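Enquirer: Have a look at this one.
The values are calculated or read from the model by the stated rules, or taken from the named source; none is laboratory data. For clarity, every value in this text was computed on a predicted model and none was experimentally measured. Heads up, the Cβs are rebuilt from the backbone with ideal geometry, glycines too, and the neighbour counts pull from every protein chain shown. Accessible surface is based on the protein model in full, side chains and every heavy atom, while ligands, DNA and RNA are left aside. Shrake-Rupley method; radii C 1.70, N 1.55, O 1.52, S 1.80 Å.
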Amino acid sequence: MCGIAGLVTATNGLAPSQGQLDAMCHAIRHRGPDDKGSHIQRGVALGVQRLSRIDLEGGRQPFFNEDRSVRVVFNGEIYNFRELRCLLEGQGHRFQSETDGEVIAHLWEEHGTDFTNHLNGMFAIALHDVRKDHFVLARDRLGIKPLFYYSSPQCLVFGSEIKALLASGWVDRKLDLDALAEFLSWEYVPAPHTLFHNIRKLDPGSRLEVDLNSFQIRVTSWWDLPQNTGDQSQSPNGSSPLEWAENIGAKLRDCVRRQMVSDVPLGAFLSGGVDSSLMVSAMQEPKTFSIGFDDPSYDEAQWSEKVARSLGLKHRVEIVKPQVLELFDSLMNFMEDPIGDFSIFPTYLLSRLAREEVTVALSGDGADEIFGGYETYTAQEKMKTWTRI
C-alpha cells in the first residue's frame, strides 16, 4: 500500500509550496513508510509515500518519461507491466527501473487518455504532461484503490485519504448533511460523495482531467461493467460444467500468479471461506494467517486450519478477544469516510498479525457472491420450502 497526494493550481492562483506537499504526505505516511518522493513544477505538486514491493532501490517516484516531460505518482500495482514494458521497448521507449509504475508515463505518450485501457491492475494515478499543460487523475475499474479530491476555480487538491487534503490548508472541515443522511441509511457514503462538504471520491473506472491553461476540469468514465446482451453465441459452444470449472480455475490461477510479483515477503489471509480458500489454493504454499475468537459464534479458526492442513500450508492462528473501545479511536483515525461494518476490527487485527512476518498479503474478496458461499443463500432456499408449506 502506498499513498499519493498533491495540488494543482491555476496560473493566476496561489502556488503550491513544498511545505504544503510535505504536510500532505506526512498525513498519510502510514500508507508508505519505506520511502517518499515529491516534485513541483509549473503549479503542479506531486507527492507519494511508498511501501516498497518491487525494485526496492530503483522504484522511487515520481516516474518520468525519457525527457521528463511526463511525470507520474501512483498507488497500486500494474499486473501486466512486464508485457507492457516489452511492447513499449519495442516502440523505442527506454526505462530507468524495473518497477511496474514506470510503464504509465510511457503508455501516456503512446495512447494519451486511453492509457488506462491497457492497464491490468489496481491503481490511483496522478499524471502531469508538462508539454501539453494537461493533468490527469485516474482510478482503477472497480475502485480498489481510493482517490479523493477537492476542486475550486483556483485549485485542485487530491490524495489517497481525506486527511491529506485537509493537511493542505486549502480545504475546510465542513460536514455534508446530505452525505450524513446517506451514511445513516446505507452504512456507507456512496460515491462520489463523502461526509465532507466539497470533498469527492473519484468514481471507480473514472478519470479527472484538467486543462492547465483554462483550468477547466472534466470528469469522465473510462470503464463500466460489460453489459449482458443475451446473445448466447458469445458463450463457448457446448461447454460442460466441468469445462466451465476448468476455465474458471485457470483464470483464477493466472490472476493470482500476476499478483504475486514481489521483492518482499508475501503471504495471505485465510479464513477458510470460499474466497480465501480458492485464492491460497492458487498460490505456491504461502504463509497464511488467521485470527480466531473466544466466542464460538464468531470463530472461524477451525475452517482455516482445515484448509491449511489440506493444502500443507504454514499457517498461523491467533485467538483474540478484541477490545472494541480500545481499537475504536485508532481505527477511526484511518476512517474519515467510515463504513458501518464491524469487520474492520478483525481485519485490522489480522493485518497487524501478518505484518509481523510479511510485508504484503493477498486477501480474497467476492467469491462468496459469485459462488454462493454465504449461509444466507442456504437460508433463502429453505425459506422457499417454508413459504410453500
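Enquirer: For region 41-103, what is the relative contact order in percent, using Cα pairs closer than 8 Å and at least 6 residues apart in sequence?
Expert: Reported as a whole number, the value is 39 percent.
Enquirer: Rounded to the nearest 20 debye, what is the charge dipole size of region 81-201 about its Cα centre when +1 sits on each Lys and Arg Cβ and -1 on each Asp and Glu Cβ?
Expert: Rounded to the nearest 20 debye, it is 220 debye.
Enquirer: Take each of the peptides 7-18, 270-281, average the number of other beta-carbon atoms within 10 Å over its residues, and list them starting from the highest.
Expert: My ranking of the peptides, most packed first, is 270-281, 7-18.
Enquirer: Using the Cα centre as the reference, give the magnitude of the dipole from point charges on the C-beta atoms of region 170-329 (Lys, Arg: +1; Asp, Glu: -1; all else neutral), rounded to the nearest 20 debye.
Expert: 520
Enquirer: Are there GluC sites (Glu not before Pro) in region 92-142 that DSSP marks as loop and that have at most 16 other Cβ atoms within 10 Å, and which are they?
Expert: E98
Enquirer: Relative contact order (percent) for the chain, with alpha-carbon contacts under 8 angstrom and 6 or more residues of separation?
Expert: In percent, rounded to a whole number, it is 13.
Enquirer: Among A164, S240, G366, whose Cα lies farthest out toward the positive end of the dipole of the chain, if unit charges sit on the beta carbon of Lys, Arg (+1) and Asp, Glu (-1)?
Expert: A164
Enquirer: Something else now. Going 7 Å from the Cα of L311 toward and past its Cβ, which residues in region 242-265 have a backbone nitrogen under 11 Å from where you end up?
Expert: none
Enquirer: Using Cα pairs under 8 angstrom and six or more residues apart, how large is the relative contact order of region 1-134, in percent?
Expert: 24
Enquirer: Now, a different point. Using only DSSP helix segments of four residues or longer, with each worth -39500 (n - 2.57), what per-residue ellipticity at 222 nm results for the chain after dividing by its residue count and rounding to 500?
Expert: Using -39500 (n - 2.57) per qualifying helix, the result is -9500 deg cm²/dmol.
Enquirer: Quantify, in whole percent, the carbon and sulfur part of the accessible surface of the chain (1.4 Å probe; protein heavy atoms only).
Expert: 51
Enquirer: So who's got an amide H within less than 5 Å of the one on G272, skipping anything under 5 residues away but keeping other chains? H placed 1.01 Å off N, in plane.
Expert: S277
Enquirer: Evaluate 2.2 N^0.38 Å with N set to the residue count of region 253-343, then give the Cα radius of gyration divided by it.
Expert: In units of the globular-protein estimate, region 253-343 measures up at 1.26.
Enquirer: In the chain, if the dipole is taken from +1 on Lys/Arg beta carbons and -1 on Asp/Glu beta carbons about the Cα centre, which of T376, G340, L51 is farthest to the positive end?
Expert: L51
Enquirer: Rounded, prolate or oblate, given the Cα gyration tensor of region 284-387, with a/c below 1.5 counting as rounded?
Expert: oblate
Enquirer: Moving to a separate point now. About its Cα centre, what dipole magnitude does the chain give when the only charges are +1 on Lys and Arg Cβ and -1 on Asp and Glu Cβ, stated in debye to the nearest 20?
Expert: 440
Enquirer: Let me ask you something else. If you count only protein heavy atoms with a 1.4 Å probe, what accessible area per residue comes out for region 1-91, rounded to a whole Å²?
Expert: That works out to 42 Å² per residue.
Enquirer: To continue, here is another question. Please identify, among R29, R200, R309, the residue showing maximal mean-square fluctuation in a Gaussian network model of the chain using a 10 angstrom Cα cutoff.
Expert: R309
Enquirer: Moving on. Please compute the per residue accessible area over region 164-295 with all protein chains in place, 1.4 Å probe, rounded to a whole number of Å².
Expert: Computed with neighbouring chains in place, this is 59 Å² per residue.
Enquirer: Compute the Cα gyration tensor for region 64-121, then decide on rounded, prolate or oblate, letting a ≥ b ≥ c be the square roots of its eigenvalues: rounded whenever a/c is under 1.5, prolate when a/b is larger than b/c in the other cases, and oblate in all that remain.
Expert: The shape class here is rounded.
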